[in-house]
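Undergrad: Following this message is one structure expressed as structure tokens.
The values are calculated or read from the model by the stated rules, or taken from the named source; none is laboratory data. All values reported here derive from a predicted model rather than from experimental measurement. Reconstructed Cβ throughout: ideal geometry from the backbone, glycine too, with neighbour counts over all protein chains shown. Side chains included, ligands, DNA and RNA excluded: accessible areas come from the protein's heavy atoms. Shrake-Rupley method; radii C 1.70, N 1.55, O 1.52, S 1.80 Å.
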Amino acid sequence: MSIQNPMILSHSFLADMYQDSYFPKHLVDQLKQILLDLCQQIEAQKPQNLDALYIFTHVATEHINVLQDAFDEAESEIETVARESIGSDIYFIAQSYGFVDADQEELISPRDW
């Protein structure tokens, strides 16, 4: 399934991370794929309310948590710039699918980065 939402298709995910050589591009690519997978899941399963959306975003956040070790091994980490970039992109995703009342912190509440 391919993403249909035009706002998502035109968005540059994780732009700050791609522009900073501190973040290994192959790991940023993996983060981006998690975000795109989240978009595909939202389009396929169409969560009916915020609680359903939060289930999806929490799973995505937990997948991001797993990548922390890979960042550490590459002498990088999911730190302030990364947190802001990931968090704002997940919030953008929620907004793009009509969840205008989504709580930005709740979207990523299981994060440990």
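Undergrad: Suppose we keep only residues that are among the small types (G, A, S) and not in a helix (DSSP H, G or I) within segment 1-21. Which one would you say is nearest to the chain's Cα centre (by Cα)?
TA: Selected residue: S12.
Undergrad: Still on this structure, please answer the following. What residue, of F99, F71, F56, is assigned to a helix (DSSP H, G or I), more than 14 Å from the chain's Cα centre (by Cα) and surrounded by 16 or more Cβ atoms within 10 Å (Cβ to Cβ)? Working first, answer last.
TA: Working: F99 fails: assigned to a helix (DSSP H, G or I); F56 fails: more than 14 Å from the chain's Cα centre (by Cα).
After applying the criteria, what remains is F71.
Undergrad: Within segment 59-68, count every residue that is buried (at least 21 other Cβ atoms within 10 Å of the Cβ) and of a type in the set (V, I, T).
TA: Final tally of qualifying residues: 2.
Undergrad: A follow-up question, please. Would you please name the residue that is most open to solvent (accessible area, probe 1.4 Å), looking only at residues in segment 22-53 that are charged (D, E, K, R) and closer than 14 Å to G98 by Cβ?
TA: Ranking the qualifying residues of segment 22-53, first place goes to K46.
Undergrad: Could you say which residue among V66, V28 is more than 18 Å from A94 (Cβ to Cβ), in contact with a helix residue (DSSP H, G or I) (Cβ under 6 Å, 6 or more places away or on another chain), without any contact (Cβ under 8 Å) to a residue 40 or more places away in the chain and β-branched (V, I, T)?
TA: V28
Undergrad: If you take the residues of segment 74-85 that are assigned to a loop (DSSP other than H, G, I, E, B) and open to solvent by 80 Å² or more (accessible area, probe 1.4 Å), which of them is nearest to Q33 (Cα to Cα)? First the steps, then the outcome.
TA: Within segment 74-85, the subset assigned to a loop (DSSP other than H, G, I, E, B) is 74-79.
This time we only want the ones that are open to solvent by 80 Å² or more (accessible area, probe 1.4 Å), so: 75, 77.
Numbers: E75: 21, E77: 18 Å.
Filtering segment 74-85 for residues that are assigned to a loop (DSSP other than H, G, I, E, B) and open to solvent by 80 Å² or more (accessible area, probe 1.4 Å), the one nearest to Q33 (Cα to Cα) comes out as E77.
Undergrad: Is it true that some residue in segment 13-20 is closer than 14 Å to I108 by Cα, touching a helix residue (DSSP H, G or I) at 6+ places or on another chain (Cβ under 8 Å) and in contact (Cβ under 8 Å) with a residue 60 or more places away in the chain?
TA: no
Undergrad: For Q40, work out the one condition from (1) in contact with a Pro (Cβ under 9 Å, 6 or more places away or on another chain); (2) within 17 Å of I3 (Cα to Cα) it doesn't fulfil.
TA: (1)
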